[in-house]
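Below is one structure, written out as structure tokens; comments come after it.
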Amino acid sequence: MRTATPDPAPASRFGAAARRYGPVLAVFGTLKLAGFCSFLYLLSSAGDFRGKHPRFGGGAHAWDVLATWDGWWYQQIALHGYDPKLVPVPGATGLITLEGNSAAFFPLYPALMRLTSAVTGLGAYGAGLLVSIVASFAAALGIHAVAERFGGRRAGLAAAGLWAVWPGSGVEWAVYSDSLYVALAVWACHAVLTRRWLTAGVLTFAAGLNRPTAAALIAALGVAALLSLRRREESPLRPLLATALAPLGLLGYLLWVGNRMGDLGGYFKLQSGAWAHSFDYGEQTLDVLTSVPVGHFTYLFAYPFADVVGVGVVLLAFALLPLLLRLRPPAVLVVHTVLTLALVLGSQQIFANVSRYLLPCFPLFLPLAVALRRLSLPVLCTLLGIAALASGSYAGYVLFELGVP
């Protein structure tokens, strides 16, 4: 009579996990810390933050900058909750006709800030930073897991390193929701790749409570589910349930805000009237792309240095997209990437933020990661280390001090 093989001891499972994921976390954490320290050094040496309002890129210390701009709004939500309103600015006739309101910022991240604060005793600033840092490591593991499927462990390690140094990565360790969104998106995509449909649906539901660009992720999951049904790869129940669950977070929040405002389109009216952020089919992006190369900065919301970085990021994305397609990735990655690019570049907004808004396009890391896997580990770490130190400027200082993140 055969006896069942006992499960591995917890210590054995922990050791295996440490050997598998420890190098990824170590590489990402080291690169991120190098860029973070470089960013704080630049802030401190320039000292410009000392003359700015604490809400708009200023503070008593360099690290206070990490909780300004959008970070200020997230702290207000974590501390005081929401009061959705459409309040006209008296006498306003230009682009900004409504007062800013916290309802423009989605609820999952500030809810986690509040929970973390209650559990740890940290203030809103510390709780927000902790959530973002933990989420950035979760995102690094997810990016590694996806890239490993295309090029092995070395490619996965390179992709996690690229996440640490990518343009816009300065917000990964700040009171911003970007790391949390990327972590949810990458693991949702990984769940689709491994046919864990209900997990993918739950993660996409959560992503919809975190950022509006989750619409791209919802569509990507839907397309992948339809293709699975068409190929009859498995029972249709789980893909259908995931597809039904995925949009409920995004739609639920938009409907709740609209109901509280007395206008079902209230969220979009707030974004347009208070932040001049609306879908313009790429008109603003085209204006920037044709103006910056000739040194003209007369377009809407011009921040010259940050916009030069933004143009470089857009061109890099356009160059990497065909290389990604050459790898023949699954539809969920292609649809998510292409629709995220379309949503971001098709919108009127502060163009300086483009490098941050395109962070969810993590599949674009895959061609570079597959190419970088050919390098020896010391050479790979050296290249990424140089990029990490430089990222303190192009991914951090430019965004927070020379633009408006």
Listed by range, helices (runs of 4 or more DSSP H) wholly within the range 357-405 having at least 1 residues that are at pLDDT 95 or above and farther than 26 Å from residue 211 by Cα are 365-372, 377-391
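Anything in the range 219-232 that is under 27 Å from residue 271 (Cα atoms) and open to solvent by 30 Å² or more (accessible area, probe 1.4 Å)? List them, or say none.
Looking only at the range 219-232, we keep the residues that are under 27 Å from residue 271 (Cα atoms), and these are 219-222.
The answer is 219, and nothing else.
State whether the residues of the range 335-346 include one that is assigned to a loop (DSSP other than H, G, I, E, B), more than 25 Å from residue 59 (Cβ to Cβ) and open to solvent by 20 Å² or more (accessible area, probe 1.4 Å).
Let us first name the residues in the range 335-346 that are assigned to a loop (DSSP other than H, G, I, E, B), namely 346.
Add one more test, that the residue is more than 25 Å from residue 59 (Cβ to Cβ), and what stays is 346.
Right, trim to open to solvent by 20 Å² or more (accessible area, probe 1.4 Å) and you get none.
No, there is no match, as no residue in the range 335-346 is assigned to a loop (DSSP other than H, G, I, E, B), more than 25 Å from residue 59 (Cβ to Cβ) and open to solvent by 20 Å² or more (accessible area, probe 1.4 Å).
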Can you confirm whether residue 308 is of a type in the set (Val, Ile, Thr) and within 27 Å of residue 181 (Cα to Cα)?
yes
Return a yes/no flag: does the range 191-198 have any residue that is within 22 Å of residue 112 (Cβ to Cβ), among the charged types (D, E, K, R) and not in a helix (DSSP H, G or I).
no
What's the total number of residues in the range 37-53 that are within 18 Å of residue 403 (Cβ to Cβ) and in a helix (DSSP H, G or I)?
9
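Listed here are the residues, each with its yes/no results for (1) in contact with a Leu (Cβ under 9 Å, 6 or more places away or on another chain); (2) aliphatic (A, V, I, L, M); (3) open to solvent by less than 10 Å² (accessible area, probe 1.4 Å).
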| position | (1), (2), (3) |
| --- | --- |
| 139 | yes, yes, yes |
| 151 | yes, no, no |
| 162 | yes, yes, no |
| 179 | yes, no, yes |
| 186 | yes, yes, yes |
| 194 | no, no, no |
| 204 | yes, no, yes |
| 234 | no, no, no |
Can you tell me which residue is farthest from residue 176 (Cα to Cα) among those in the range 117-126 that are open to solvent by 30 Å² or more (accessible area, probe 1.4 Å) and in contact (Cβ under 8 Å) with a residue 24 or more places away in the chain?
117
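For the structure I just gave you, tell me whether residue 303 is out of contact with any Pro (no Cβ under 8 Å at 6 or more places or on another chain), over 21 Å from residue 35 (Cα atoms) and open to solvent by 50 Å² or more (accessible area, probe 1.4 Å).
Numbers: out of contact with any Pro (no Cβ under 8 Å at 6 or more places or on another chain): yes; over 21 Å from residue 35 (Cα atoms): yes; open to solvent by 50 Å² or more (accessible area, probe 1.4 Å): yes.
Spelling it out, residue 303 is indeed out of contact with any Pro (no Cβ under 8 Å at 6 or more places or on another chain), over 21 Å from residue 35 (Cα atoms) and open to solvent by 50 Å² or more (accessible area, probe 1.4 Å).
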Across the range 84-116, which residue is nearest to residue 260 (Cα to Cα) among those that are small (Gly, Ala, Ser) and more than 22 Å from the chain's Cα centre (by Cα)?
100
Being surrounded by 14 or more Cβ atoms within 10 Å (Cβ to Cβ), out of contact with any Gly (no Cβ under 7 Å at 6 or more places or on another chain) and more than 27 Å from residue 140 (Cα to Cα) narrows it down to one of 59, 47, 29, so name that one.
59
Complete set of residues in the range 252-265 that are in a helix (DSSP H, G or I), of a type outside the set (Gly, Ala, Ser) and surrounded by fewer than 18 Cβ atoms within 10 Å (Cβ to Cβ)
255, 256, 259, 260
Looking only at residues in the range 212-251 that are in a helix (DSSP H, G or I) and over 26 Å from residue 341 (Cβ atoms), which one is modelled with the lowest pLDDT?
231
Considering each residue of the range 266-300, count those that are under 15 Å from residue 345 (Cα atoms), assigned to a helix (DSSP H, G or I), open to solvent by less than 60 Å² (accessible area, probe 1.4 Å) and in contact (Cβ under 8 Å) with a residue 60 or more places away in the chain, and give that number.
3
Look at residue 81 and say whether it is closer than 23 Å to residue 210 by Cβ and under 20 Å from the mean Cα position of the chain (by Cα).
no
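Would it be correct to say that residue 158 is under 24 Å from residue 210 (Cβ atoms) and either of a type in the set (Lys, Arg) or part of a helix (DSSP H, G or I) (or both)?
Working: under 24 Å from residue 210 (Cβ atoms): no; either of a type in the set (Lys, Arg) or part of a helix (DSSP H, G or I) (or both): yes.
For residue 158, the condition - under 24 Å from residue 210 (Cβ atoms) and either of a type in the set (Lys, Arg) or part of a helix (DSSP H, G or I) (or both) - is not met.
Here is a yes/no grid of residues against (1) charged (D, E, K, R); (2) surrounded by 19 or more Cβ atoms within 10 Å (Cβ to Cβ); (3) assigned to a helix (DSSP H, G or I); (4) free of Cβ contacts under 8 Å to residues at least 60 places away in the same chain:
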{"position": "55", "(1), (2), (3), (4)": "yes, no, no, yes"}
{"position": "66", "(1), (2), (3), (4)": "no, yes, yes, no"}
{"position": "74", "(1), (2), (3), (4)": "no, yes, yes, no"}
{"position": "79", "(1), (2), (3), (4)": "no, no, yes, yes"}
{"position": "95", "(1), (2), (3), (4)": "no, no, no, no"}
{"position": "112", "(1), (2), (3), (4)": "no, yes, yes, no"}
{"position": "115", "(1), (2), (3), (4)": "no, no, yes, yes"}
{"position": "128", "(1), (2), (3), (4)": "no, yes, yes, no"}
{"position": "131", "(1), (2), (3), (4)": "no, yes, yes, yes"}
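In this structure, does residue 164 turn out to be hydrophobic (A, V, I, L, M, F, W, C) and farther than 22 Å from residue 391 by Cβ?
Values: hydrophobic (A, V, I, L, M, F, W, C): yes; farther than 22 Å from residue 391 by Cβ: no.
No: the conditions fail for residue 164.
The values are calculated or read from the model by the stated rules, or taken from the named source; none is laboratory data. Since this is a predicted model, take the numbers as computed values, not measurements. Note that each Cβ is placed from the backbone with ideal geometry, even for glycine, and that neighbours are counted across all protein chains shown. These area figures cover heavy atoms from the full protein model, side chains too; ligands, DNA and RNA do not enter into them. Shrake-Rupley method; radii C 1.70, N 1.55, O 1.52, S 1.80 Å.
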